[in-house]
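The values are calculated or read from the model by the stated rules, or taken from the named source; none is laboratory data. Model, not experiment: these values are computed from the prediction. No Cβ is skipped: glycine too gets one built from the backbone with ideal geometry, and neighbour counts run over all protein chains shown.
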Amino acid sequence: MNDNEFGQQHIWHPYSAMHSDLPTYRVVSAHGVRLKLSDGRQLIDGMASWWCMIHGYNHPGMNTALEEQLHKMAHVMFGGLTHEPAVTLARQLVDVTPPPLQTVFFSDSGSVAVEVALKMAIQYWQAKGQPQRQRFIALGSGYHGDTLGAMSVCDPVTGMHSLFKGILPEQIFVDRPACRFGEPCGQGDIASLKMALEADGHQVAAVILEPIVQGAGGMWFYAAEYLKKARELCDHYGVLLIADEIATGFGRSGKLFACEHAGIAPDILCLGKALTGGYLTLAATLTTEEVAVTIDRGNPGVFMHGPTFMANPLACTAAITSIRLLLDSDWQGNISRIEAGLKTGLEPCNDLEHVNEVRILGAMGVVEMKQVVDMKTITQAFVEAGVWVRPFGKLVYLMPPYIISDEDLDTLTNAVVRVVCDQ
Ligand SMILES: *Cc1c(COP(=O)(O)O)cnc(C)c1O
């Protein structure tokens, strides 16, 4: 059995069947925005490896920092011990996020960062003597991860809640914001959230949402005013607000954090994905002094979570270096340049027969088709065009590394136009 056959029969891939006829392409190395396949072909990566690889692959500065840390220590437990990479990273995160967020809990993946956020909210209300606040309000079309708690706040239909009925906690869902980014948002747009808070607010621990950009649940960009109003409603009904910026964090939407579009701060913030510049898996859940101190004063007086690989020093070093690289670069210039390139490049898709609409925000370009695309043929066509684009459902989207050149961006958008729009 050769390697390809062994892989096909023994390895699961994300959201795939074990024995599927969808091909997987073997990557042997990657540099800048290019993936090199085992047959020698090079593909321009339009996905930044799912939002992560913002500075590109094999970045010399990232590599050097990690090599240096590797020779000091790759890992050490975080119970009772601490280290410079964790402290430096925590300082950076407290500095760059909205001022009320003052404490950092490190974990290994986005889904876990969401679990941690949900547990923080529950423990907070327990400590406040309101243990009945055990439910969460989430938005339709939201996506927050794949573990059970995180799944419970994902869109119930696309998240296949029916399959897990009885073991997923039942949360309260409100309509996804209908008002688009850049447009106003009226009372009608927020009515669903307001009604849910009015009816069930007393048993709600927190509202959880992805600010401005709903990612894997539909690549939808909504009005900053909605977010502002959601913050006001949370304050009015006395519930916490959890912002899941795992996808939007670190510049993707044109602001360092998407909450900045609305000038609001959440009570709990989840970060992941681009946190380490895509090098290693790491996530963080930040919260306010008030939430942290309240949990401390409650019973049992500690926060009940502690991953084995908490604050892994290599991962923290990758994050420190990635954040420095980002802040030292003209990232805003890069994002607006990519935004402009996506607008002109994907423009020909507008008004085409199979296309529902084109949406662009920051370094994200989405072509929503009228029909679900055929993954097998379309992926193959993209690979033949020299690009890596992985659609889901009706959505074909681009979110390249920030360092992509105008020429490579052109190749990417041209491939989308040719392969999906203009068939
Ligand atoms: C990807 C993602 C998650 C889950 O992160 P994992 O690292 O895949 O567990 C959660 N929330 C949002 C908004 C995401 O985009």
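Table for the structure above
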read-out	value
Residue that is nearest to ALA258 (Cα to Cα) [pool: residues in segment 158-198 that are among the polar types (S, T, N, Q) and touching a strand residue (DSSP E or B) at 6+ places or on another chain (Cβ under 9 Å)]	SER192
Enumeration of residues in segment 240-256 that are more than 12 Å from the ligand (Cβ to nearest atom) and either part of a strand (DSSP E or B) or of a type in the set (A, V, I, L, M, F, W, C) (or both)	LEU240, LEU241, PHE250, LEU256
Pick from segment 257-291, criterion β-branched (Val, Ile, Thr) and in a loop (DSSP other than H, G, I, E, B), ranking: farthest from the ligand (Cβ to nearest atom)	ILE264
Pairs with Cβ under 8 Å, 6+ apart, first in segment 396-412 and assigned by TED's automatic domain parsing to the domain that holds GLY218, second assigned to a helix (DSSP H, G or I)	none
Subset tally (residues that are under 20 Å from HIS55 (Cα atoms) and touching a residue at least 40 places away in the same chain (Cβ under 8 Å)) for segment 325-352	14
Unmet criterion (only one of (1) under 17 Å from ALA206 (Cα atoms); (2) surrounded by fewer than 23 Cβ atoms within 10 Å (Cβ to Cβ); (3) within 16 Å of the ligand (Cβ to nearest atom)) for ASP108	(1)
Test: residue in segment 78-91 that is closer than 27 Å to THR248 by Cβ, touching a helix residue (DSSP H, G or I) at 6+ places or on another chain (Cβ under 9 Å), within 16 Å of the ligand (Cβ to nearest atom) and of a type in the set (Gly, Ala, Ser)	no
Residues being farther than 25 Å from ILE404 by Cα and part of a strand (DSSP E or B) - total across segment 348-368	2
Criterion violated by PRO99 - all others in (1) over 22 Å from the mean Cα position of the chain (by Cα); (2) exposed (fewer than 12 other Cβ atoms within 10 Å of the Cβ); (3) closer than 30 Å to PRO266 by Cα satisfied	(1)
Neighbours by Cβ (under 7 Å, 6+ apart or cross-chain): first from segment 77-88, assigned by TED's automatic domain parsing to the domain that holds ALA319; second surrounded by fewer than 16 Cβ atoms within 10 Å (Cβ to Cβ)	GLY79/GLY306; HIS83/VAL76
Restricting segment 278-296 to residues that are under 13 Å from the mean Cα position of the chain (by Cα) and of a type in the set (Gly, Ala, Ser), the residue that is nearest to CYS259 (Cα to Cα)	ALA284
Test: LEU352 is buried (at least 20 other Cβ atoms within 10 Å of the Cβ), within 16 Å of LEU395 (Cβ to Cβ) and out of contact with any Lys or Arg (no Cβ under 8 Å at 6 or more places or on another chain)	no
Check on THR276, touching a Leu at 6+ places or on another chain (Cβ under 6 Å), of a type in the set (Ser, Thr, Tyr) and either at pLDDT 95 or above or on the phi > 0 side of the Ramachandran plot (or both)	yes
Within segment 292-313, considering residues that are in contact with a helix residue (DSSP H, G or I) (Cβ under 7 Å, 6 or more places away or on another chain) and part of a helix (DSSP H, G or I), the one surrounded by the most Cβ atoms within 10 Å (Cβ to Cβ)	ILE295
Residues of segment 114-149 classified as part of a loop (DSSP other than H, G, I, E, B), more than 12 Å from the ligand (Cβ to nearest atom) and out of contact with any helix residue (DSSP H, G or I) (no Cβ under 8 Å at 6 or more places or on another chain), total	3
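Conditions tested, residue by residue: (1) surrounded by 23 or more Cβ atoms within 10 Å (Cβ to Cβ); (2) away from the ligand (no atom under 16 Å from the Cβ); (3) under 25 Å from GLY110 (Cα atoms); (4) under 20 Å from the mean Cα position of the chain (by Cα).
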position	(1), (2), (3), (4)
VAL157	no, yes, yes, yes
ILE172	no, yes, yes, no
ASP189	no, yes, no, no
MET195	no, yes, no, no
